[in-house]
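The structure appears below as structure tokens.
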Amino acid sequence: MIIAHRGAPSDARENTIESFDKAITLGADMIEFDVRRTKDKVLIAYHDEFIQGKPVKELTFEAISRIAGNQGFDIPTVEDVLRFTRGKIKLDVELKEEGYEKETVELISRYFKEDQFVITSFIDASLKTIKDNYPHIQVGLIFGKFKASLWTRISEFFPMRRCRGAKADFMVAHWKLLRFGFLERALRENRPVFVWTVNDEGMIRKFLHDGRVCAIVTDRADLAVSLRKKLLIGP
């Protein structure tokens, strides 16, 4: 699968309706986007913890929208994203924080069937919360948080233990981790692997030919889709 990372950021600002629209037009299989919650409990599609130096979770949606508008873009609510993408593409929804797992799943489930979306996160506890309450929803644990604590970085060399604890159905590994036998261990445990964020043409080609890789998360959905078409059609 080709997963459009935050939409099509090469063509439009990431995590916006315009970016998601472009990813759909390009022919991606899924769109990955980030979820945060505002002070007044509005779920929004936004990556960073801060906006204009202020924590997103300490601002109302109205305040955040005003800041974004002054910078020339709109931040969509998660419900805006769901309404726009329903029936057009599948979703890879990344939770950036703990505390609103059930709220997010319940909202998504109003618009998408269980086989039309997955939930991913760096946070083991968030995925376990989802699996404990919604066992049929597919969840993926993300690896490759290189600016994390030393313990977190060490734990990434033991991915299967963490996956079992988080009840993760699949792993989302940064491409740099694959140098350490990551794919071989995943194959032995029959654990699917998504790889992020793959933008180099040579690497995209490599992973398209690697049966151990189930999905490529990329900022270059246009390039990845084009290369896959050539692979499927042949010389």
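Nothing in this text is a laboratory measurement; each read-out follows from the coordinates by a stated rule. Note that the coordinates shown come from a computational prediction; the quantities given were computed from them, not determined experimentally. Note that we place each Cβ from the backbone using ideal geometry, even for glycine, and neighbour counts take in every protein chain shown.
The Cα center of region 1-53 and the Cα center of region 175-235 differ in position by 21 Å. Close amide H pairs (under 5 Å, H built 1.01 Å from N) link V172 with L141, I142, F143, F194, residues at least 5 positions away or on another chain.
Compared with the direct C-alpha span, the chain from E201 to E106 gains 30.4 nm at full extension, assuming 0.36 nm per residue. Name the shape class, rounded, prolate or oblate, that the alpha-carbon gyration tensor gives for region 106-215, where a ≥ b ≥ c are the square roots of its eigenvalues, rounded holds for a/c under 1.5, and otherwise prolate holds if a/b is larger than b/c and oblate otherwise. The shape class here is oblate. Go through [x] 13.0; [y] 22.9; [z] 24.0 and flag the label whose value is the computed mean projected area of the Cα convex hull in nm² for this structure. Evaluating mean projected area of the Cα convex hull in nm² on these atoms matches [x].
Each of T60, T120 was scored by other Cβ atoms within 10 Å of its Cβ. Listed from fewest to most, they are T60, T120. The order of W196, W175, going from fewest to most other C-beta atoms within 10 Å of their C-beta, is W175, W196.
Rounded, prolate or oblate for region 17-147? Axes are the square roots of the Cα gyration tensor eigenvalues, ordered a ≥ b ≥ c, and the cut-off for rounded is a/c under 1.5. Judged from the Cα gyration tensor, region 17-147 comes out oblate (a/c at least 1.5, b/c at or above a/b). Taking each DSSP H run with n ≥ 4 as -39500 (n - 2.57) and averaging over every residue of the chain yields -10500 deg cm²/dmol at 222 nm. The simple Förster model, with R0 at 41 Å and r as the Cβ-Cβ distance, assigns F180 and L232 a FRET efficiency of 0.85.
Assuming a ≥ b ≥ c are the square roots of the Cα gyration tensor eigenvalues, decide whether region 72-111 counts as rounded (a/c under 1.5), prolate (otherwise, with a/b larger than b/c) or oblate. In terms of gyration-tensor shape, oblate.
Inter-label distance, K41 to M1: 3.0 nm, where each label sits 7 Å from its Cα along the C-beta direction.
From the cross-link list K39/K96; K113/K167; K54/K176; K102/K131; K54/K96, which pairs have alpha carbons spaced over 22 Å apart? In this structure, K54/K176 exceed 22 Å between Cα atoms.
Using a simple spin-label model with points 7 Å from Cα along the Cα→Cβ vector, what separation in nm is obtained for Q71 and R86? Reported label-point gap for Q71 and R86 is 2.9 nm.
Fewest neighbouring Cβ atoms within 10 Å first, the residues F33, F84, F207, F50 line up as F50, F84, F207, F33.
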